[in-house]
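S.K.: Input: one structure, supplied below.
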Amino acid sequence: MIDMIYNLRVGDIHSAEFSDEFNNLCVPFEDSLSEEQIDVFHKILDCVSDTAAAEMRVAYKVGFKDGATLMQEIQD
């Protein structure tokens, strides 16, 4: 059920744009790479994004459970 709630809310979560520091580091770095290296770099960035998304899902679930526990304690 929590997964379903999370998935419904995902569309409401606005992701931040890349920071200026990220762009200042990555753009010149990517320009210096070969096509094959760029592909690997993009795969690495995808892995980092997937990890961050998984951590966000876990944090959302924990927060939801904590909130439900607090509400239950208040009612009792």
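The values are calculated or read from the model by the stated rules, or taken from the named source; none is laboratory data. The model shown is predicted, which means the values in this text are computed figures rather than measured ones. Please note: Cβ atoms are built from the backbone with ideal geometry, for glycine as well, and neighbour counts cover all protein chains shown. Protein only, heavy atoms only, side chains kept; ligands, DNA and RNA dropped before computing areas. Shrake-Rupley method; radii C 1.70, N 1.55, O 1.52, S 1.80 Å.
S.K.: Run the quick spin-label model on D20 and A53: label points 7 Å from Cα toward the beta carbon, then report their separation in nm to one decimal.
M.R.: So the label points at D20 and A53 sit 3.0 nm apart.
S.K.: What does the accessible area per residue of the stretch 16-76 come to in Å², with a 1.4 Å probe and no ligands, DNA or RNA counted?
M.R.: Ligands and nucleic acids excluded, the result is 87 Å² per residue.
S.K.: In nanometres, what is the gap between the two model label sites at F64 and D76, each 7 Å from Cα along Cα-to-Cβ?
M.R.: 2.2 nm
S.K.: While we're on this one: Could you please report the charge total around V40, scoring K, R as +1 and D, E as -1 over all other residues with beta-carbon less than 12 angstrom from its beta-carbon?
M.R.: -4
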